[in-house]
């Protein structure tokens, strides 16, 4: 498992597709871009910016329900990548029992930001989809996020399904 930090939410043009960018803590500092939906991008951006809404959003409700039930989220984990789709789990503890709940990575990350729990990705996911930043990627997180979206777009333009064969 590789611990990651969420550094940016960007919109990939011209398709206006939101992308969340995770960065490996330690190691090579590999970047992991994941395309997400617009509502989840908004929820993540709100959490990053500390925006408080008048009524709870879905991920705020998830946080509140878990808290009310006495469950604690230990971490979220991007578990695998299958045919271009990322999968994740929310690892939680309730009543001394460990639970794993399947989730979209975007929902898991939106929740993780609200409860300040760590985000991880499996070694296989980072090895397969992680991008090693250029040495000149020394700018702030926003600039790095834009650069990695461009690198990921280039990767998608040249990838072929046979590249993922076992």
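Against the condition modelled with pLDDT under 95 and at positive phi, how does residue 27 come out, does it pass? Yes, satisfied.
Total residues in region 4-44 satisfying the condition of being more than 22 Å from residue 117 (Cβ to Cβ), touching a residue at least 60 places away in the same chain (Cβ under 8 Å) and not in a strand (DSSP E or B): the figure is 1. Surrounded by fewer than 20 Cβ atoms within 10 Å (Cβ to Cβ) and in a loop (DSSP other than H, G, I, E, B), is that true of residue 56? Yes; evaluated as a whole, the condition is true for this residue.
How many of the residues making up region 63-81 are surrounded by fewer than 22 Cβ atoms within 10 Å (Cβ to Cβ) and touching a helix residue (DSSP H, G or I) at 6+ places or on another chain (Cβ under 9 Å)?
The first filter runs over region 63-81 and keeps only residues surrounded by fewer than 22 Cβ atoms within 10 Å (Cβ to Cβ), leaving 63-72, 74-75, 79-81.
Going one step further and asking which of them are touching a helix residue (DSSP H, G or I) at 6+ places or on another chain (Cβ under 9 Å), we end up with 63, 66-67, 71-72, 75, 79-81.
Residues in region 63-81 being surrounded by fewer than 22 Cβ atoms within 10 Å (Cβ to Cβ) and touching a helix residue (DSSP H, G or I) at 6+ places or on another chain (Cβ under 9 Å): 9 in total.
Of all residue pairs spaced 6 or more apart or on separate chains, none has beta-carbon atoms under 8 Å together with a first member in region 116-132 that is at positive phi and buried (at least 22 other Cβ atoms within 10 Å of the Cβ) and a second member that is assigned to a strand (DSSP E or B) and at pLDDT below 95.
The values are calculated or read from the model by the stated rules, or taken from the named source; none is laboratory data. Every value quoted in this text rests on a predicted model; they were computed, and no experiment measured them. Positions of Cβ are generated from backbone atoms using ideal geometry, with glycine treated the same way; all protein chains shown enter the neighbour counts.
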